[in-house]
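Remarks on the structure that follows.
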Amino acid sequence: MSLQNIDYSVSGHLGNEDFQIDYFKDNKRVSPWNDIPFQIGTLYSLVVEIPKFSKDKIEMSKQHPFNSLVYDLKDNCPRMYHGPINWNYGFIPQTWENPNLKKFNCGGDNDPIDVVEIGHSVLERGSIHQVRALGCLAMIDQGEYDWKIIALNKNDKHFENIHDIQDIHKYYPKTLNGILEWFRWYKYPDNERLNIFELDEKFQDANFSEGIIDETHQQWILREK
């Protein structure tokens with residue numbers, strides 16, 4: 001399956017609980033988690049849940065039969081970030097952070113692996129893109145590890161120049177520090193706790209990140225069997 005074969009539709013209204021994004025191939029429902037290719041060539045697929053500069057906390061639902069993208073609910077209301085995220089955010093299909101696979105003395109968060117796409121453009125909610133993995137951050141969220149893959153979409157104006165984590169500083173300066181601090185603080189207004197990070201709070205390189213992504217893909221394969 002190629003990305004060109006896949007369409008998506010939006011129903012409901014942004015800001016309301018009925019908002020939903022569904023995916024189709026040849027007019028048949030498919031899952032953005034299980035039916036979209038994990039990788040095409042050397043690039044990974046990214047399903048965009050939250051466009052940059054937005055606050056609506058849309059996420060892939062494991063409970064929906066076809067894993068629709070819907071609001072994360074808090075107190076039965078659509079959840080919003082307290083401030084906008086400054087990058088495009090989503091997940092890599094066919095990956096899974098296994099709660100039973102221990103790292104840093106804890107399990108995974110039971111979701112596909114997250115992607116922070118740092119490019120110049122605002123990517124449409126629900127859209128699918130091919131991205132290069134540049135690095136990653138080992139975040140611990142509520143006692144679970146929750147890797148954040150740093151990536152760049154292939155249509156970005158600097159795509160040919162950015163191949164690894166150290167290249168980001170030249171073309172998107174201060175971005176990595178911004179990501180670290182945003183994810184450290186973004187839940188603080190809710191619980192007055194800061195997220196913590198393993199590996200000395202350092203961003204790991206592209207090679208390390210590809211290993212983590214491949215591992216989560218293998219865990220997804222085992223989950224599906």
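The values are calculated or read from the model by the stated rules, or taken from the named source; none is laboratory data. Remember, it's a predicted structure, so these values are computed and weren't measured experimentally. Quick note on the areas: whole protein, heavy atoms, side chains included, nothing else; ligands and nucleic acids left out. Shrake-Rupley method; radii C 1.70, N 1.55, O 1.52, S 1.80 Å.
Can you give the helix-only mean residue ellipticity at 222 nm for the chain, where every DSSP H stretch with n ≥ 4 adds -39500 (n - 2.57) and the sum goes over all residues, rounded to the nearest 500 deg cm²/dmol?
Working: 4 runs with 38 residues, N = 225.
One gets -5000 deg cm²/dmol as the mean residue ellipticity at 222 nm.
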Max mean-square fluctuation residue, GNM over the chain, Cα-Cα springs under 10 Å, options Ile40, Ile58, Ile113: Ile40
Where only protein heavy atoms count, and the probe is 1.4 Å, what is the accessible area per residue for region 78-146 in Å²? 33
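By its C-alpha gyration tensor, with a ≥ b ≥ c as the square roots of the eigenvalues, how is the chain shaped: rounded for a/c under 1.5, else prolate for a/b larger than b/c, else oblate? Working shown, then result.
Working: a/c = 1.26, a/b = 1.13, b/c = 1.11.
Rounded is the answer for the chain, as its axis ratio a/c remains below 1.5.
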Fraction of accessible area attributable to carbon and sulfur, the chain (%, probe 1.4 Å): 46
Report the accessible area of Lys57, computed with a 1.4 Å probe over the heavy atoms of all protein chains in place, in Å² rounded to the nearest 10. 20
Karplus couplings for region 212-223 from phi (6.51 cos²θ - 1.76 cosθ + 1.60, θ = phi - 60°), rounded to Hz, Gly and Pro as x? 5, 4, 4, 4, 5, 5, 5, 5, 5, 4, 5, 5
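So how do Thr216, Thr42 rank on accessible area, 1.4 Å probe, biggest first, that is with the largest at the start? Please report the intermediate quantities before stating the final value.
Values: Thr216 5, Thr42 110 Å².
The most accessible residue leads, giving Thr42, Thr216.
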Looking at the chain as a GNM with Cα springs under 10 Å, which of Leu180, Leu137, Leu73 has the largest mean-square fluctuation? Leu73
